[in-house]
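Working notes, structure below.
The values are calculated or read from the model by the stated rules, or taken from the named source; none is laboratory data. Just so it is clear, the model here is predicted, and its values are computed rather than measured. Don't worry about glycine lacking a Cβ; one is built from the backbone with ideal geometry, like all the others, and counts go over all protein chains shown.
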């Protein structure tokens, strides 16, 4: 099968969040299964070109119709982790992908609309006819609309479209003028309501268009699919997803087991597996040394990731102080895009600077994240909502017990040792329901009690977690099933 992924980011060359890991991980697994996979990405000035193998200095030149004129673009070829990637570089005065960052510009909608048109034009110029085009999130949601109308009788008329929602919070609400820019004449667009945003009169919703005009729509966990279709977690798109429920499905993300592997991870001092799990504690010793924590008989509770409202930042703050007060050690690695949250944690770091049971690293540090996963006893993920979540999957791979709120992909992957109905061998963490201080205090108390008083039970949770299979293998098979279904095979 010939599959083309079109996305705004892909690890490791252009990564902001989980979207990049998914595009990379799924593409690599499909390639391993013998399929022809290519990826189309923007050529950002800030992407890590050193991680692209054999990037070509010569390129395919594409003239892109946009904003009523022809914008010159060049498409460069390279290899990323075995996959052929095409990088779209714009040569317009607007310097669409030369901003020093991936997202955050006032004209992001225009930037990714240009990218979407350029990606389709490139496929035509290069004579490519994929079986499936797989688009991701709002940044490429315009592509199904383009193929339904502007290019409906083109070389891609037999290509099927899969569209994945990674986070429904960000939908791409834009002025109808953006459709004009992309060459979608409103007079020739009879189903305008199919893209109209219900919450913002006069605006179009790109994600809504992606849902309506794709052949199949997925999101990144079964529970999140249900939540977005039946509750306010659908962020206004509940009725649209319900109307298209027959083509909407949640498929759990995976992680790359070649990258996240305690057996061969070069970023940790001592490798280990479920068969010699005692060696995990040597990494705990090294983590304490690196972060200047006391070497005492206490569990280490960790938080790794972005500090914002979605991640339950106020519960993280509360848990930090609560766990220290109850005799645990606390390690945090993360930063916040929110200035107030960022300032608060810097203030807290200063306040706790002499506490040898606490370490706050308010930045992104890939190497340190590996050591925290390997050296901590437990990891906390108290999300308000969580489409899938990769943190808990990585932590379990390293035998670090997850403590999560039952929502989205967290609910699909973490099963409470005491409260779950799953078989005992599948119970791999602790979970709580209410988004409250009382609930998180209760689950932390339970987890600490098991760690202190029931070490054999805690070891059982660790081994169950490490034996859980959240690689891309099963998820890629599910996607291949969807691709085949769309193609009638």
Query raised in the report: With 133, 143, 168 as the choices, which residue is part of a loop (DSSP other than H, G, I, E, B) and modelled with pLDDT of 95 or more?
Result: 168
Report task. Taking the options 249, 227, 263, name whichever one is more than 22 Å from residue 483 (Cα to Cα) and either in contact with a helix residue (DSSP H, G or I) (Cβ under 8 Å, 6 or more places away or on another chain) or surrounded by 20 or more Cβ atoms within 10 Å (Cβ to Cβ) (or both). Result -> 227
Requested in this report: Evaluate the following for residue 177: is it under 28 Å from the mean Cα position of the chain (by Cα), within 27 Å of residue 16 (Cβ to Cβ), in the same structural domain as residue 24 (by TED's automatic domain parsing) and surrounded by fewer than 21 Cβ atoms within 10 Å (Cβ to Cβ)?
Outcome: no
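Let's see how each residue does on (1) touching a residue at least 24 places away in the same chain (Cβ under 8 Å); (2) farther than 15 Å from residue 44 by Cβ; (3) not in a strand (DSSP E or B):
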position: 57; (1), (2), (3): no, yes, yes
position: 64; (1), (2), (3): yes, yes, no
position: 72; (1), (2), (3): no, yes, no
position: 79; (1), (2), (3): yes, yes, no
position: 89; (1), (2), (3): yes, no, no
position: 105; (1), (2), (3): no, no, yes
Report task. Could you pull out every one of the helices (runs of 4 or more DSSP H) wholly within segment 270-381 that has 3 or more residues that are modelled with pLDDT of 95 or more and over 26 Å from residue 428 (Cα atoms)? Result -> 280-291, 339-351
Query raised in the report: Of these, 25, 34, which one is more than 28 Å from residue 185 (Cα to Cα), over 20 Å from the mean Cα position of the chain (by Cα) and either modelled with pLDDT of 95 or more or not in a loop (DSSP other than H, G, I, E, B) (or both)?
Result: 34
Query raised in the report: Tally time: how many residues in segment 5-22 are over 12 Å from the mean Cα position of the chain (by Cα) and surrounded by fewer than 22 Cβ atoms within 10 Å (Cβ to Cβ)?
Result: 1
Requested in this report: Determine whether residue 438 is over 21 Å from the mean Cα position of the chain (by Cα) and not in a helix (DSSP H, G or I).
Outcome: no
Report summary line: Counting only residues in segment 460-489 that are farther than 27 Å from residue 2 by Cβ and surrounded by fewer than 14 Cβ atoms within 10 Å (Cβ to Cβ), the one modelled with the lowest pLDDT is identified as 469
Report task. Determine which single condition residue 39 fails, assuming it passes every other condition in (1) surrounded by 14 or more Cβ atoms within 10 Å (Cβ to Cβ); (2) out of contact with any helix residue (DSSP H, G or I) (no Cβ under 8 Å at 6 or more places or on another chain). Result -> (2)
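Name the single residue that is surrounded by the fewest Cβ atoms within 10 Å (Cβ to Cβ) among those in segment 112-130 being without any contact (Cβ under 8 Å) to a residue 40 or more places away in the chain and assigned to a helix (DSSP H, G or I).
By that ranking, first place goes to 124.
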